[in-house]
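All remarks here apply to the structure that follows.
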Amino acid sequence: MSDTIDHLLQEKRVFEPSPEFKAQAHVKDDTPYREAEKDRLAYWEDWAKQLDWFEPWTKTLEWEPPYSKWFIGGKLNACYNCVDRHVKNGLGDKVALIWEGEPGDRRDLTYSEVLEEVSKFANALKKLGVQKGDRVALYMPMIPELALAVLACARIGAPHSVVFGGFSATSLSDRIVDQEAKMLITADAGWRRGKVLPLKATCDEALKNSPSIENVVVVNRMKNGEAPIDMKEGRDHWYHDLMADASSDCPAEPMDSEDLLYILYTSGTTGKPKGIMHTTGGYMTGVYATTKWVFDLKPEDVFWCTADIGWVTGHSYIVYGPMANAATQVMYEGAPDSPSRDRFWKICADHGVTVFYTAPTAIRAFMKWGHDLPAQHDLSKLRLLGSVGEPINPEAWIWYHKNIGGEKCPIVDTWWQTETGAIMITPLPGAVKTKPGSATKAFPGIEAKLLTDEGKEVEKGGGYLSISSPWPSMLRGIYGDPQRFKDTYWSKWDGIYFPGDGCTRDEDGYFWILGRVDDVMNVAGHRIGTMEVESALVDHQSVAESAVVGIPHDVKGTAIAAFVILKDSAEPSDDLEKELKQHVVEQIGAIARPEKIMFTADLPKTRSGKIMRRLLRDIAEGKTLGDTTTLADPTVVESLKNRYEDKEG
């Protein structure tokens, strides 16, 4: 049996950047790729020099696999680079954040206002006993105070750990206990799909088992008493009371380049969540560089990354990357379908968004809802679109290009992880031709390769994605668990990072991410990535989204089971099931024909939008369901299980 992955789905459409886009782009040709290849360290040094340093570094890189140190001896501060330097350079009046709450409330903050608010809150943190090196947990809705609190922690050198505001009390407590956080910052509640999310009440529950927390700061989000809360005397403090007497004079703490900036927990397929550690100098270099070039960011742009700051995408491409580039950006609290399914397009039109960065799972939802919704809004100011979180199906890419981008906006399909800190594989929009479904090429300075199990390089065809040399924004370890760090990422090949993804390369050297190797199916000796079969299904005019898993089969070893969400205009039927199976055969070949297709209204997804295929496998195989604590809606799993069993019965 081959130890590589078969590349079955053929995508031949190619899109070049327009002459108009190319003419104004930061990167117009392959010069940066050649320069980075010639002297990778000098290339990253050039990026690092664009940040403000209190003291210069004495050595660029120290690499003792699996541990790297970048810009050794250098001193800087992440918050200073995101705020102070722009105010110092005359950009204090520039709008930093255009915030919109789900109910429609709005707040704009300039860079000068951000500096004042962050400095005051940093002083409030210090007054409550938070010192350099103390861990601070945050559990908040998407309100400006979340971004301000993250920056305030960075300002005083207290590593922050943002926990997504949809996680359970147990998940929050687990993360607090693992890092022994000293303080928790939260809000009384937040809005989601018109409902009040009782965040403080969840915190109170979590704190019954979180003895390290000494103080809790609470932001008053609900101005009309929609979420009455209990405040524990001596432990709980209102944010507005602290801010009322805080000084706005708080110099940024000089941090060593390798000082810890934050811990962000990412769920493993098994075991407890992993506390991914990112340090200051290398991380800031990576997010500054990628924000500027991948999004071709200009001073006049209005940038909107739709992620939550609870995920790494929000850390890197809401807080640190855009703000290091002095961007004006939109920040939105709520859901894309609240109060109606055109909310995102209304926000784009209202605020003149020019660069829009969202996830394939959202794009497929928009497809399901229909192209007439974006057509009702003026999206003419958009000039660049982005995709993040998982591989994007070619047909979703085409829909995005046509209905959101008006066939004029380049699409940057980005591959990266919590662990990589910054974007790793992506087109540079003024220099690289794009292909629907491909993340194209490694960012200059990143050495991505495809390898076999034995570590032999695959130039064309399928293999395992690897990063063969260190990069500035790479993770520095798993908090409190160095052995797990080595076992998880560095044990497949000696000194080479394995992100866990299967991938193929085409004749142009473009990367096509196939998803986690855990999700690769071995069908009659062919190793097939779930993404290719899912893309073939989404290519059908009736399908909005699909998820594919392998199930045991007496003859083939593994057969393919597909869970399919139809567009609003289509109805499930036996005939449609046959038609979809045949469509996959026509797109890929008979080897990929699904054995079973289950029509469903929803799929089990994590709160960051990733499909949990492990649970789908459990459903299809009739197993006891595994852990569902990270799911956005656990009821989806039970409903799917019941329907699947009804169909089988």
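No lab work stands behind these numbers, since they all come straight from the coordinates. From a predicted model like this one, the values you see are computed outputs, not experimental measurements. When we count neighbours, we look across all protein chains shown, and the Cβ atoms used for this are built from the backbone with ideal geometry, even at glycine.
Identify the residues of region 545-560 with backbone N under 20 Å of a label point that sits 7 angstrom from the Cα of ASP568 along the Cα-to-Cβ direction, or state none.
So the set is 545-546.
Show the residues, 5+ positions off or on another chain, whose built amide H is closer than 5 Å to the amide H of HIS237.
Hits under the 5 Å cutoff: VAL216, VAL217, VAL218.
Please report, in debye to the nearest 20, how large the charge dipole of the chain is about its Cα centre when each Lys and Arg carries +1 at its beta carbon and each Asp and Glu carries -1 there. Walk me through the intermediate numbers first.
Working: 75 positive and 96 negative charges, 73 e Å.
About 360 debye.
Would you kindly state how much longer the chain becomes between SER542 and VAL196 on full extension, computed as 0.36 nm times their sequence separation minus their alpha carbon distance, in nm to one decimal? Don't skip to the end; give the middle numbers.
Numbers: separation 346, 0.36 × 346 = 124.56 nm, distance 3.47 nm.
Additional length available on full extension: 121.1 nm.
Tell me, ASP259, ASP105 in order of fewest to most beta-carbon neighbours within 10 Å? Don't jump to the answer; show the numbers that get you there.
On the way: ASP259 19, ASP105 13.
So the ranking, lowest neighbour count to highest, is ASP105, ASP259.
Computed FRET efficiency, Cβ-Cβ of LYS623 and GLN376, R0 35 Å: what is it to the nearest 0.05? Can you show the working numbers first?
Details: r = 45 Å, r/R0 = 1.28.
The calculated FRET efficiency here is 0.20.
For a test of the definition: using alpha carbon positions, the gyration tensor, and the 1.5 limit on a/c, classify region 325-433 as rounded, prolate or oblate. Walk me through the numbers before you get to the answer.
Details: a/c = 1.41, a/b = 1.35, b/c = 1.05.
Note, shape of region 325-433 comes out rounded.
Using the Cα centre as the reference, give the magnitude of the dipole from point charges on the C-beta atoms of region 436-558 (Lys, Arg: +1; Asp, Glu: -1; all else neutral), rounded to the nearest 20 debye.
Details: 12 positive and 19 negative charges, 71 e Å.
The calculated dipole for region 436-558 is roughly 340 debye.
Label point 7 Å out from SER247 along Cα-to-Cβ: which residues of region 103-142 have amide N under 19 Å?
Taking a point 7 Å out along Cα→Cβ of SER247, the residues of region 103-142 whose backbone N falls under 19 Å are 115-132.
So what are the ³J(HN,Hα) numbers for region 314-322, from phi and the Karplus equation (6.51, -1.76, 1.60; θ = phi - 60°), rounded to whole Hz, Gly and Pro as x?
x, 4, 7, 10, 10, 7, 7, x, x
Given 0.36 nm per residue, what is the gain on full extension from ASP230 to ASN209 after removing their alpha carbon distance, in nm? The partial results should precede the final answer.
Numbers: separation 21, 0.36 × 21 = 7.56 nm, distance 1.75 nm.
Difference between extended and current length: 5.8 nm.
With a Förster radius of 45 Å, plug the Cβ-Cβ distance of GLU37 and LYS272 into 1/(1 + (r/R0)^6) and report the FRET value to the nearest 0.05.
Numbers: r = 40 Å, r/R0 = 0.88.
It comes to 0.70.
What are the residues whose amide H is under 5 Å from the amide H of GLY190, where those residues sit 5 or more places off or on another chain and H is modelled from the backbone?
For GLY190, whose amide H was placed from the backbone, the distant partners under 5 Å are LEU197, LEU199.
When SER247, SER438 are ordered from fewest to most other Cβ atoms inside 10 Å of their Cβ, what list results? Kindly include the intermediate steps, with their values, before the conclusion.
Details: SER247 11, SER438 26.
Fewest-to-most Cβ neighbours within 10 Å comes out as SER247, SER438.
Measure up LYS49/LYS441; LYS94/LYS402; LYS208/LYS272; LYS120/LYS274; LYS441/LYS486 against 21 Å on the Cα-Cα distance and list the ones that go over.
Details: LYS49/LYS441 25 Å; LYS94/LYS402 32 Å; LYS208/LYS272 19 Å; LYS120/LYS274 32 Å; LYS441/LYS486 27 Å.
Result: LYS49/LYS441; LYS94/LYS402; LYS120/LYS274; LYS441/LYS486 exceed 21 Å.
Once both axes come from the Cα atoms, what is the angle between helix 111-127 and the longest principal axis of the chain, in degrees from 0 to 90, rounded to 10?
Once rounded, the angle reads 70 degrees.
Modelled label-to-label distance, ASP494 and ARG106, 7 Å Cα→beta-carbon offset: nm?
Rounded to a tenth, the inter-label distance reads 6.1 nm.
Hey, can you grab everything whose amide H is under 5 Å from the amide H of LYS441? Only 5+ residues off in sequence or another chain; H modelled, so Pro and N-termini drop out.
Amide H neighbours of LYS441: THR426, PHE511.
Kirkwood Rh, Cα Rg: Rg to Rh for the chain?
Using only Cα positions, Rg/Rh for the chain is 0.95.
What list of ³J(HN,Hα) couplings, whole Hz, do you get for region 231-243 from phi and the Karplus terms 6.51, -1.76, 1.60, once you set θ to phi - 60° and write x for glycine and proline?
3J(HN,Hα) across region 231-243, in whole Hz: 10, 7, 4, x, 9, 9, 9, 6, 4, 5, 5, 5, 5.
What are the ³J(HN,Hα) values, in whole Hz, obtained from phi via the Karplus relation 6.51 cos²θ - 1.76 cosθ + 1.60 with θ = phi - 60°, for each residue of region 46-51 in sequence order, with x given for Gly and Pro?
Result, rounded to whole Hz: 4, 5, 4, 5, 7, 8.
For every helix of n ≥ 4 consecutive DSSP H residues, a contribution of -39,500 (n - 2.57) applies; sum these over the chain, divide by its total residues, and give [θ] at 222 nm rounded to the nearest 500 deg cm²/dmol.
-8000 deg cm²/dmol
With label points built 7 Å along Cα→Cβ from the Cα atoms of GLU579 and LYS127, find their separation and express it in nm.
6.6 nm
Grab the Cα-Cα distance for LYS94 and ASP453, subtract it from 0.36 nm times how many residues apart they are, and report the gain in nm with one decimal.
Values: separation 359, 0.36 × 359 = 129.24 nm, distance 5.11 nm.
In short, 124.1 nm is gained.
Between ASN642 and GLU300, what is the label-to-label distance in nm when each label sits 7 Å out along the Cα-to-Cβ direction?
The answer from the label model is 5.6 nm.
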